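Taken together, the values in this text are just the output of simple stated rules run on the coordinates, not laboratory data. Model, not experiment: these values are computed from the prediction. Using ideal geometry, Cβ is built from the backbone for each residue, glycine included, and neighbour counts are taken over all protein chains shown.
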Amino acid sequence: MSEAALRVERRGGVFEVTLDRAKANAIDAATSRRMGELFVEFRDDPDLRVAILTAAGERFFCAGWDLKAAAEGGESYQSDFGAGGFGGFPELPGLDKPVIVAVNGLAVGGGFEIVLGADLVVAAEHAQFALTEVRVGVLPDAGIVELPRRLPRVIAHELLLTGRRMSAAEAAGYGLVNAVVPAAALLDKARELAAEITAGAPLAVAAIKDLLRRTEALPVADAFALMRSGEMASYQRVLESEDAREGPRAFAEKRSPAWKGR
């Protein structure tokens, strides 16, 4: 993998990663591992608050797993795709910072699965989404798990079993994306969302991600009981933080809060 396959830019508290790889921005194991390293850097840097992942060009966001690497390079499902799984962040332990994906074109196979792992999604008007693994004799692991949780059962099954493409407008109709915008406005919209997130308290943002992850599969009563049990460190940390006092004080004084992240 060439370092040029991934471009990184820091814009204040926002960490932008651009996938720029020949052959449809497909990802091989080496690229995925490097993405994992970048998202570990993002996770562990207290000055970074939000990540944006996008790709170069307008035709492909990501064509998924590099099948040429599989056919000629000996890669397999058992290959080491890095700390965060395929694409660097969807399975990264302890990632309590939001990731926004800006989809600039086709998100196919693993590319669509990366989208499904994001916290927020912005799509260009011409973007499309498909899980085409069934057409090449492999399986959309994350898609099988995630898609039926996001879509009506029969629609999820249709996409998984046929590999058909879903337009950005259709995806928005099902709530799979937050916004559909002209291609020229894609990154601006992602940055706008990132700015709105960074205006919030860092500990609260991290706790929300942690609580979402740990309560999403629980019955409502059990989720509330867990949060209020005193056993969730992220929940207690927010309640006892300086920022929890600063927010109401700033509101009363009609000024912007000065978050300390503690």
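Here are a few things to note about the model shown:
- Fluctuation leader among GLU37, GLU170, GLU216 - the chain, Gaussian network, Cα springs under 10 angstrom: GLU216
- Rounded to 5, percent antiparallel among DSSP beta bridges of segment 1-97: 45 percent
- Cα gyration tensor category, rounded, prolate or oblate, for segment 124-174 with a/c compared to 1.5: oblate
- Overall form of segment 139-249 per C-alpha gyration tensor (a/c, 1.5; a/b vs b/c): oblate
- Loop-located chymotrypsin sites (Phe, Trp or Tyr not before Pro) in segment 18-83 (DSSP state not H, G, I, E or B) with no more than 12 neighbouring Cβ atoms inside 10 Å: TYR77.
- Cβ-based charge dipole, the chain, positive-most Cα from ALA118, LEU6, LEU226: LEU226
- Computed over the chain, relative contact order equals 15 percent, with contacts defined as Cα pairs under 8 Å that lie 6+ residues apart.
- Mean Cβ neighbour count within 10 Å, used as a protection proxy, ranking 182-190, 108-116 highest first: 108-116, 182-190
- Listing VAL50, VAL17, VAL220 from fewest to most neighbouring C-beta atoms within 10 Å gives VAL220, VAL17, VAL50.
- Given the alternatives [x] 18.4, 56; [y] 19.1, 64; [z] 17.5, 55, Rg and Dmax of the Cα atoms in Å as computed for this entry is given by [y].
- Judged by the ratio a/c of the largest to the smallest principal axis of the C-alpha gyration tensor, segment 20-70 counts as oblate, that ratio being 1.5 or greater while a/b is no larger than b/c.
- Bridge orientation summary for segment 3-198: considering DSSP beta bridges with both residues in this region, about 25 percent are antiparallel.
- Reducing segment 86-125 and segment 1-54 to their Cα centroids gives an inter-centroid distance of 12 Å.
- Anchor LYS209: lysines whose Cα lies under 18 Å away (excluding residues fewer than 8 positions away in-chain): LYS97
- Summing Cβ point charges (Lys, Arg +1; Asp, Glu -1) relative to the Cα centre of segment 3-198 gives a dipole of roughly 460 debye.
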